[in-house]
Every structure is written in structure tokens, then in C-alpha cells.
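Novice: There's a structure below that I have some questions on.
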Amino acid sequence: MPVSTIGPFKLEYFQVLNEKGEIDKKLDPGLSNEELLKLYRAMVLGRETDERLLKLQRQGRLGTLPVCFGQEAASAGAVMAMKDSDWFVGAYRELSGRLMRGESIENPMLIYNGLEEGNMIKTSPRTLPIAIVLASQIPQAVGLGYSIKMKQEKDTAVVTFFGDGSTSEGDFHEAMNFASVWKVPVVFLCQNNSWAISTPLKKQMASETIAQKAIAYNMPSVQVDGNDALAVYKATREAIDRAYAGEGPSFIEAVTYRMNVHTTADDPTKYRKDDEVAMWAEKDPITRFRAYLGKKKIWNDEKEDALRKEIRDEIAAAVKNYEEPRQYKPDAPFDFIYGTEVEAIEEQRAEFLENFKKDVTNG
Amino acid sequence: MAKLNMIQAINRALHEEMAKDDSVLVMGQDVGVNGGVFRATDGLYKEYGEDRSIDTPLAESAIMGTAIGMAIGGLKPVAEIQFSGFAYLIMGQLEANAARMRTRSRGALTVPLVVRMPYGGGIRALEHHSESKETYFAHTQGVKTVIPSSPRAARSLLIGAIRDPDPVIFMEPKFIYRAFREDVPDEEEVGELGKARILQEGNDITVISWGAMLYRTRKAIETLKEEKGYSIELIDLQTIAPMDATTIAESVKKTGRCVVIQEAQKTLGPASEIIAIINDKALMYLEAPVKRIGMYDLVMPYFHRENWYIPSDGRIRRAIEETLDF
Ligand SMILES: Cc1ncc(C[n+]2csc(CCOP(=O)(O)OP(=O)(O)O)c2C)c(N)n1
Ligand SMILES: [Mg+2]
């Protein structure tokens, strides 16, 4: 028997907007001017909010938080392709995308000040809370995909987000396998930002790309410039359309970069060089998008200034509102532990309130 | 003699054991170049290179599973799980293999390894960074679970754990990583696993705790002693499993009263077992019911509410006084 080739396993990479904001006409996904401006605003809002949160943290007004600076295009581009009825199953580095899903600026302030109250988006029940246990959200996305199939929900998909490091977890591979076996409407979107805290991609995996991992699961897969919102949008649009059409899961590797600290507790000078960061600064997702809008003659400095002011005012108002003194119900954890009334829990609530009175309010 | 905080003491123990024994290595997420997110493995990468200070890919189950293989193969891995909140992902390998290999092979194959992990609350961290779930590990027969409560104890118990012939879960109370310093002698000290230590002798009541709660309890006791002149016997449990029943029972026989303070949720926590031991071995000596103080039976709240839920100084004091007044 002659040796035969099993498959060519083709894998493509694309970029729509280059670093200078020049568009590849053949790949233009054709968003309207209004949509382009919406996407731009979402990225700027994400950036400005991220910067403000970091400042608040450094001033001691917030606890430890992850920083999303530089990764705005990856989640905003994807959310641009989603409807409210699609499920958003994220990790913690998708601030722009979450704000676009309707999250209020106060939500992250609540979460990063230790309050569960910030976890759900009132207007968007199909946006799951941030997932801190890495990759644990990915199988959940597959289960949601299964529920969509079972309930025969039309034109509904799940988009799940995770980092490069998270693809080393069993949960990632197990979820990919389930998704392809079950043929569920799920889009796997990996934000490859080169680092998992101090661990560089090279130590994380011997694979040349992350996108190629999907080939093993027989899943359509593509690698895109993750700092190019239009490329991420296009790849997600196509993946969601396949999901809507009943063609099952898809994979997208968005190549981006973590420009700042992993979280505010991290010190990147211990493990990476400034030139690498400087090189990536040239590929900033917002700068190139703005240049593109300028070339299209739908944007100028005046509009930019107005937008920045509007967004900063919005953030300032949110901070002010958030910092208004208010009492968060001390015994709220007792309200949500079970869906049924449990005697022992109610007994402990009484004990808690007694102790709270003595210890906290000095009663 | 050096005055070290707990992180420095742990770091020191790792340096000492790696220098002495070529088969000892550290592995885990960010333990190499970065020296660990709390800097517990700082300097090991420089000193012993990447083969003995391994930045692993991001997969807890594989860290545990490969460590088991290494241990069977004659190495002594000291694995780090970045936070105990991610250690549930090691449970399959721990229970199915690390815990059972000795029994399964009738002693032919052993798994001498250590898994270190910071645990516990009070540092204003994100979700999954503040739990005390020692019970999960303590209920894994064949595995030893150790919790140090001071720098000197951390250094000696970690060395003891590395030299122990069994898999050891070494839980580090991160609230007191840098809370205080203690004299750590230059000479080697090898902590004995499975032994509680009496930190302070007394006759009126036995108070038992471990980890960060012990630190808090100690302060509460000092004020009680000063204000009221009680004679309190304080026991640092140190090893959650296997538990030192003798030290517990002997102390309670002497004092007739006991309070247990744990950071873990109340139901089925180590305190429940301590009370069962007292019931078995010292019931007739009791002059008051044994009290246990712990976190309520809830999901650990995020940090805004955290300190209302972790046993407070006031709760500890009141429990001791109520038991004394009974
Ligand atoms: C299961 C699990 N293990 C470890 C951690 C600790 N941790 C938090 S973020 C992180 C790195 C994640 O890297 P990556 O998946 O690339 O996402 P990024 O942070 O770069 O967005 C680690 C190790 C965790 N949160 N969950
Ligand atoms: Mg990453």
C-alpha cells in the first residue's frame, strides 16, 4: 500500500485594516458608517473606562483588577457581530465587549470593589458574569449551545472568550471536542495576547498557532489580526452565520497583545522587555481605526474631542454615582445560597446578624 | 538566626532543600522567571535553572498528574497551585492516583511530592482567592494536609513535607505571608508531620486553631489573659490530616473546656473532627460543651463583606468567654 496524504489542513490568516488604517477592499465586511462609528465608540469607551479603573485602583479606591488596554478590538469586534439574543460567555479581559453588551460602567467598579452586585447586566441576561477559573466557562458555552439546539431557538449562537494560556487547560480541549461532536452553535474566540501572566506563548505551547488546535476537532478555524476590529468582526460574523445555519462550531484566534500589567498585582518588568511592548504599541487597535474613519471622511479632530469629552463625562458620572455612600445588605449571602429555605442557614443568619451588630456596628 | 516573614521562610526552605537534594524541583504557573505570584520561589530559577524551576503550561490537572509521574520516577516535585481556588482541578489526579498508589501497588510505588498553595481570605482579592477548603484535601485518605501558622513553622514543616514519603498538600495562609516576622534559626529544623504543637500551656481552657486564624486567636487570647487573667492552653493543629488526636485529648483532659476556631465553613470542617475526637477520648473530662467558630455555611462573599464572615476577634473572644463561663 502506498503512503497517502490524509489532509492538507489549510489554515488562513487575515487582516482587514492594517496598522496605518488602510483597508483591504476585498476583505471589507461592509459595515455602514453608523456601524463603524458604533464600533469605534465602543473601543474608546472600553479604553477610557479601563484607564479610569486602573487609576482608581492605584488610588486605593478599587481592589485588584485585570487591565484590558490594547485588547479593545478583539471583544468589541466580536460583539459587533452578535445580537442580544446570542450568549456572551467571557473571561475577564473583554471590558469593551461587555460595555457594548450593555454593562454599566459601575458594574466593574462594584466587582473590583468586592461586591457581587456588579456581576449581572440588567438589560442583558444572556451575558454571563466574568469567569476567573480559567477555561471553566468554555464547556458552559457548549452546554448553552446544546440548549439552543434542543429548544430550537432560531438564529441564536454562543460566543465564548478565553486567553492563550487557557487553551492549555483540559476544559478547553474537552469543550472543543464536545462542541464538534454535538455540532452546536458556538464560536470559540481566543484572545492570544502572547502572555499568561509571566508565561510566554513559547513555554505555553509548542504549536505554531492556536488556531491549528481546532483542526484536530474538525472545526472551521482562522487566525486574524486581533487588533483589527474589522477582521475580528468579519471572522465572527462568518462563524455566527455558520452557527445560525446549523453548521456547528467555529474557532477564531485573535492575535493581540497585553499592553499593560496582567492585573494590578502584577509586575511585568520581572519577565518582559519594554521593546516588545513598544513594538505592539505601533499596532494599536484604536489608532488605526481612527485613521481609517478619517480616510473615509466620517471623522475629524473636532468629532474626536467631542466623543472623548462625552465619554469622560459619562465615566465621571458613573464614578460619582458609584462612590455615593450606600449600605450593601450585610447578610445578602444568606439570600442566595439555596433556592429553597434551609433551617440551618436561617439559624446561622440570625447568628450572623447578632455578631454583625456586636462587631461592626458596636451594638 | 534571621528574622523572616512566612514567604521568605518558605523560599528559604525551598532553597535549602534544592541545594541538598538534586531530585527536588519546583513546578507550576509563573514559578520560574517570575518567582511565583507571591515570590515564594524567587531566585530558584536563577540558582537551579529552568529544568528544576519549571514554568509549566496552564493546567492544574496536568501539573498534578505529571508531578505524580515524576515522584514515581524518583524525583521530588514541589508543585505550586497559584491559588487554592484552582486546586479543585487537581482533585481527580490526587484522589485517583497520588492518594492510592502506595495502597494499589502494595508499597512498591510511592508518590513523595508536595503541592503548595496559598489559601484563605482577608487580602481583598478576587473571587476564588479567599477560600479555606482544607477539608477537601483532609478527606483524601493517603494524602497528608499541612498548614503552617508562622514563618519558622512554615520553613520546618515544608522541609518535613518534602522529605515525607507521602503526597503532602501544603496550604499556606496567605493573609499572614507578610504579616509578621519570626526568628528562624540557621540550623536545619525538620518539622514532624502529624503533630500538633502546644504554643502556650494553660489550665482553664484549650483553644485549638491553625493557619491565619491561629494568628488572630493568639491576639485575642493575649488580651483575655491580660484583662481577666485566664490560663489558656493554645494548640496549633499544624497537620489537618492525619490529625494528632493524642495532643488534643490530653490537653482537654487537663482543662475540661475547649474552643476550636477555623476559617473554613462550619459544617464538616476540621473542627467537627476535633470535636469527634474529644467525644471519643475525653468526653468524661468535659465541663462545658466544645464550641466551634467558623465561616458560615455559605459561598465565601467577595471582599467587601469578607471580614464580616471570617471569624472576627470579637467572635473568638466571646466563644472563649462563654465556654469559660458555662
Ligand atoms: C484554573 C486557573 N488557574 C490559574 C489561574 C490564575 N491565573 C489567572 S489569569 C492567569 C493567566 C491567564 O492567561 P491567559 O489565558 O492567556 O489569559 P490573559 O490573562 O492573558 O488574558 C492565571 C494563571 C486561574 N485564574 N484559573
Ligand atoms: Mg494571555
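Novice: Scan A:Ala91, A:Ala135, A:Ala78, A:Ala141 and give me the residue that is more than 26 Å from B:Tyr88 (Cβ to Cβ), surrounded by 21 or more Cβ atoms within 10 Å (Cβ to Cβ) and modelled with pLDDT of 95 or more.
Specialist: It is A:Ala78.
Novice: OK, next. If the requirement is being hydroxyl-bearing (Ser, Thr, Tyr), in contact with a helix residue (DSSP H, G or I) (Cβ under 8 Å, 6 or more places away or on another chain) and away from ligand 2 (no atom under 16 Å from the Cβ), which of these qualifies: A:Ser147, A:Ser124, A:Ser180?
Specialist: Just one listed residue meets the conditions, A:Ser180.
Novice: Return the only residue of B:Val190, B:Val168, B:Val114 being away from every other protein chain (no Cβ under 14 Å), open to solvent by 10 Å² or more (accessible area, probe 1.4 Å) and either of a type in the set (Phe, Trp, Tyr) or over 27 Å from A:Ala131 (Cα atoms) (or both).
Specialist: Matching residue, one of B:Val190, B:Val168, B:Val114: B:Val190.
Novice: Next question, about the same structure. Select from segment A:147-174 the residues that are of a type in the set (Ser, Thr, Tyr), buried (at least 18 other Cβ atoms within 10 Å of the Cβ) and either farther than 20 Å from A:Val232 by Cα or away from ligand 1 (no atom under 14 Å from the Cβ) (or both) and list them in ascending order.
Specialist: Matches in segment A:147-174: A:Thr156, A:Ser168.
Novice: Can you tell me which of (1) within 9 Å of chain A (Cβ to nearest Cβ); (2) open to solvent by 10 Å² or more (accessible area, probe 1.4 Å) is the one B:Asn34 doesn't meet?
Specialist: The one condition B:Asn34 does not meet is (2).
Novice: Filter segment A:183-230 down to residues that are small (Gly, Ala, Ser) and within 14 Å of ligand 2 (Cβ to nearest atom) and give me whichever is surrounded by the most Cβ atoms within 10 Å (Cβ to Cβ).
Specialist: Ranking the candidates gives A:Gly226 first.
Conditions tested, residue by residue: (1) in a helix (DSSP H, G or I); (2) open to solvent by less than 70 Å² (accessible area, probe 1.4 Å); (3) basic (Lys, Arg).
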site: B:Glu263; (1), (2), (3): no, yes, no
site: B:Leu283; (1), (2), (3): yes, no, no
site: B:Pro289; (1), (2), (3): no, no, no
site: B:Arg305; (1), (2), (3): yes, yes, yes
site: B:Thr323; (1), (2), (3): yes, yes, no
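Novice: In this structure, is B:Arg257 in the same structural domain as B:Gly202 (by TED's automatic domain parsing) and crowded, with 22+ Cβ neighbours inside 10 Å? Can you show your working first?
Specialist: Numbers: in the same structural domain as B:Gly202 (by TED's automatic domain parsing): yes; crowded, with 22+ Cβ neighbours inside 10 Å: yes.
Yes: the conditions hold for B:Arg257.
For every residue, the table says whether it meets (1) touching a Gly at 6+ places or on another chain (Cβ under 8 Å); (2) in a strand (DSSP E or B); (3) of a type in the set (D, E, K, R); (4) within 16 Å of ligand 1 (Cβ to nearest atom).
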| position | (1), (2), (3), (4) |
| --- | --- |
| A:Val181 | no, no, no, no |
| A:Val184 | yes, no, no, no |
| A:Val187 | no, yes, no, no |
| A:Lys203 | no, no, yes, yes |
| A:Glu208 | no, no, yes, no |
| A:Ala216 | no, no, no, no |
| A:Val224 | no, yes, no, no |
| A:Leu230 | yes, no, no, no |
| A:Ala239 | no, no, no, no |
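Novice: Looking at B:Ala138, B:Ala96, which one is open to solvent by 10 Å² or more (accessible area, probe 1.4 Å), out of contact with any strand residue (DSSP E or B) (no Cβ under 7 Å at 6 or more places or on another chain) and aliphatic (A, V, I, L, M)?
Specialist: Answer to the check: B:Ala96.
Novice: Is segment B:57-66 home to any residue that is away from ligand 1 (no atom under 14 Å from the Cβ), out of contact with any helix residue (DSSP H, G or I) (no Cβ under 7 Å at 6 or more places or on another chain), part of a helix (DSSP H, G or I) and open to solvent by 10 Å² or more (accessible area, probe 1.4 Å)?
Specialist: Checking segment B:57-66: at least one residue is away from ligand 1 (no atom under 14 Å from the Cβ), out of contact with any helix residue (DSSP H, G or I) (no Cβ under 7 Å at 6 or more places or on another chain), part of a helix (DSSP H, G or I) and open to solvent by 10 Å² or more (accessible area, probe 1.4 Å).
Novice: Next question. For segment B:38-51, which residues satisfy the criterion of being open to solvent by 40 Å² or more (accessible area, probe 1.4 Å), assigned to a loop (DSSP other than H, G, I, E, B) and more than 16 Å from ligand 1 (Cβ to nearest atom)?
Specialist: B:Asp42, B:Glu50, B:Asp51
Novice: Within segment B:300-325, take every residue that is of a type in the set (A, V, I, L, M, F, W, C) and touching a strand residue (DSSP E or B) at 6+ places or on another chain (Cβ under 9 Å) and give me the one that is farthest from B:Ser130 (Cα to Cα).
Specialist: My answer is B:Leu324.
Novice: Give me a count of the residues in segment A:108-157 that are away from chain B (no Cβ under 12 Å), among the polar types (S, T, N, Q), touching a residue at least 40 places away in the same chain (Cβ under 8 Å) and part of a loop (DSSP other than H, G, I, E, B).
Specialist: Residues flagged as away from chain B (no Cβ under 12 Å), among the polar types (S, T, N, Q), touching a residue at least 40 places away in the same chain (Cβ under 8 Å) and part of a loop (DSSP other than H, G, I, E, B) within segment A:108-157 amount to 2.
Novice: Same structure again: For segment A:245-363, which fully contained helices (runs of 4 or more DSSP H) count at least 3 residues that are within 14 Å of chain B (Cβ to nearest Cβ)?
Specialist: The helices (runs of 4 or more DSSP H) meeting that bar are A:332-335, A:343-359.
The values are calculated or read from the model by the stated rules, or taken from the named source; none is laboratory data. Small disclaimer: the values here were computed from a predicted structure and weren't measured. Backbone-built Cβ (ideal geometry, glycine too); neighbour counts: all protein chains shown. Only protein heavy atoms, including side chains, enter the accessible area calculation; ligands, DNA and RNA are left aside. Shrake-Rupley method; radii C 1.70, N 1.55, O 1.52, S 1.80 Å.
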